[in-house]
1. Suppose R0 equals 41 Å; then what is the FRET efficiency for S4 and S37 from their Cβ-Cβ distance, rounded to the nearest 0.05?
2. Just to confirm, what accessible area per residue do you get for the stretch 373-455 at 1.4 Å probe, in whole Å²?
3. Is the stretch 80-236 rounded, prolate or oblate when judged by the Cα gyration tensor, a ≥ b ≥ c being the square roots of its eigenvalues, rounded requiring a/c under 1.5 and prolate requiring a/b larger than b/c?
4. Taking Cα pairs under 8 Å and at least six residues apart, what relative contact order does the stretch 189-344 come out at, in percent?
5. Please name whichever of W411, P108, A335 sits farthest to the positive end of the charge dipole of the chain, dipole taken about the Cα centre and charges placed at Cβ: Lys and Arg +1, Asp and Glu -1.
6. Could you tell me the distance between the Cα centroids of the stretch 140-204 and the stretch 7-56, to the nearest Å?
7. Taking square-rooted eigenvalues a ≥ b ≥ c of the alpha carbon gyration tensor, is the stretch 214-367 rounded, prolate or oblate, where a/c under 1.5 means rounded and, failing that, a/b exceeding b/c means prolate?
8. Whole-Å semi-axes of the chain's equivalent ellipsoid, largest first, each the root of 5 times a Cα gyration tensor eigenvalue?
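The values are calculated or read from the model by the stated rules, or taken from the named source; none is laboratory data. What you see is a predicted model; the values in this text were computed from it and never measured. As a convention, Cβ positions derive from the backbone with ideal geometry for all residues, glycine included, and neighbour counts pool all protein chains shown. To get the accessible areas, we keep the full protein, side chains included, count just its heavy atoms, and leave off ligands, DNA and RNA. Shrake-Rupley method; radii C 1.70, N 1.55, O 1.52, S 1.80 Å.
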Amino acid sequence: MENSLLGLQAEAFSNGAARGVRYLKQLPDRRVGPNLSRLAELDPGLPEQGADVGDILDLLETVGGEGTVATAAGRYFGYVIGGALPAASAARALLSAWDQVADGLTGPSVIKMEETAVSWIVRLLGLPEGTDGAFTTGATMSNMALLVTARDTLLSRLGHERGDGLIGAPGLRIVASAEIHATVLKSLRMAGLTTKSIEWVEVDDQGRMRIDKLPELDDRTLVLCQAGNVCSGAFDPFDELGDKCNAAGAWLHVDGAFGLWARACSDTATALKGLEKADSWVVDSHKTLNTPYDSGLALCRHPHEMQASMAIGATYLPATVSNPANRAPEFSRSARGAETWAALLSLGRQGLEDMLSRFHGHARRISGDLTALGFEVPHEVHFNQVFATLPGAEDACARIAGHVQASGEAWFGQASWKGRQGFRISVSNWSTRTEDVDRLIAAVAKAKAEVMAPA
C-alpha cells in the first residue's frame with residue numbers, strides 16, 4: 001500500500017515537473033504580460049469529492065499558466081524581480097520532494113547548506129568576521145528581525161531589559177534617508193516603533209543621504225540607510241555614516257534588498273565603501289541573485305544580540321541543535337536557503353561577478369538608448385536601475401509603459417521620483433540577453449510613437 005501511494009506521488013510530481021519544463025521552454029516567445037480573461041475558471045467551486053491530479057494540473061497549466069506575468073523571462077524589467085538560475089530552480093524541485101523543515105533536528109543537511117550560504121555571502125560582501133544571520137521570506141521580514149534586534153540592543157544598553165516590552169522604555173530616535181524604502185517603514189511599525197517622529201535626512205540629486213544634513217547622533221539612535229535607491233540605484237555614503245554612528249554608539253542599518261549584491265562586482269563595489277561599518281544588513285536572494293521566490297536574508301554583526309531578540313526558547317527543542325528560528329521571526333519554514341547555496345555554487349565568484357556586470361552593462365545601454373529616443377534619465381546609472389521621464393510630456397510615461405505591457409514584448413512599470421512622473425526599468429534577470437534589450441527599446445520606441453501621435 002505504501003509503495004502504491006509513493007508511486008502515485010512520484011507520478012504526480014513528474015507530471016507537474018514536465019509541465020514546468022514546457023512553461024520554461026515557452027518563455028522566449030510568449031508574451032510577458034498575463035492573459036486575465038479566464039481567471040474565473042480557477043474557482044470552479046469546491047467539489048464534494050476530490051479532483052483528479054491530472055485534471056488539476058491541466059487547469060493549473062492552461063488557465064493558471066496563461067494568467068502569469070512571465071517574470072522568469074529575459075524581457076521582464078519590473079520591480080527588481082529576478083528569474084531563477086537553473087541550479088536554483090532545479091534545487092527548488094528537489095527540495096519540494098524532500099519537504100524539509102529548516103531546522104537542525106529535522107533538516108540537518110539543508111541547515112548545513114543555509115549556514116554555508118550565509119558564510120559565503122558574508123565573505124562575498126566583505127562583511128565583518130563573525131557576522132551571521134538567517135533566511136526569511138524577504139526584505140520586509142529581514143528588516144523587521146533586524147530592527148527588533150536594533151531596538152532591543154539600544155534599549156538594553158540604556159538599562160531596559162529585553163522582554164519588558166516598550167511600555168516604560170526609554171525613547172529611541174530614528175534617523176532615516178528621505179528616500180528609504182517603504183518596506184523599512186512597515187517593518188518599523190511592526191517592531192512597535194513610530195514612523196511619525198522620524199528625523200528625515202535630505203538626499204542629493206542621485207537619492208543618496210547627504211552627510212552634511214545628518215543630525216547629531218547619540219546612543220539612542222537607529223540610523224536607516226540603503227544600498228540601492230529604488231529608482232536611481234544609488235548607494236548611501238556608508239563610510240562616513242559608519243564612522244559617525246560608531247563614534248556616537250548609534251546603530252546603523254542597511255536595507256540592500258537588491259543593491260547589496262553590487263558589493264560583489266568590481267564595476268560597482270567602490271560605491272559601497274565602508275559597508276562593513278554597519279551593524280546590520282538586509283539582502284534578498286530572489287532579486288539580484290536569481291533564486292526562486294521567496295528568499296530574504298537578515299545579516300547582523302552582533303549575532304548574539306540577534307539571537308537574544310529572536311530565540312524561540314521552546315523546551316522541547318534541543319539547545320545544541322542549530323535552528324534558524326533563533327535568528328528570524330518565522331518558526332516553521334521551508335529550506336529556502338538551500339536554493340541560495342545552489343545558486344552560489346553554480347555561479348562561483350567569477351560567475352556572480354559576470355552576471356552582476358551584465359546587469360550594470362544592460363542598464364547603462366538602456367539609459368543611453370532611452371536618451372537617444374528623447375527621454376531623460378535624471379541620474380547616473382549606479383547599478384541596475386533606470387528611471388526615465390519624458391521632458392514636457394511626463395504624463396505620457398504611464399501610457400507608454402501601458403502600451404509596452406499590452407504589446408507583450410516586455411514589462412516594466414510606471415514610477416515617480418523627485419516629483420517627476422516616469423517609468424522604471426530594472427535589469428535583474430540572469431537570462432536577459434542583448435536581443436531582449438533590443439526588443440525592449442523597440443517596444444518603447446513604438447509605444448512612444450503611438451502615444452505621442454497627433455489625435
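1. Rounded to the nearest 0.05, the efficiency is 0.55.
2. 41 Å²
3. On the way: a/c = 2.29, a/b = 1.44, b/c = 1.59.
Oblate, since a/c reaches 1.5 and b/c is not below a/b.
4. Relative contact order comes out at 15 percent.
5. W411
6. Distance between centres, Cα-based: 43 Å.
7. Values: a/c = 2.44, a/b = 1.14, b/c = 2.14.
Oblate shape, in that a/c is at least 1.5 and b/c is the bigger or equal ratio.
8. Working through the eigenvalues yields semi-axes of 36, 33, 19 Å.
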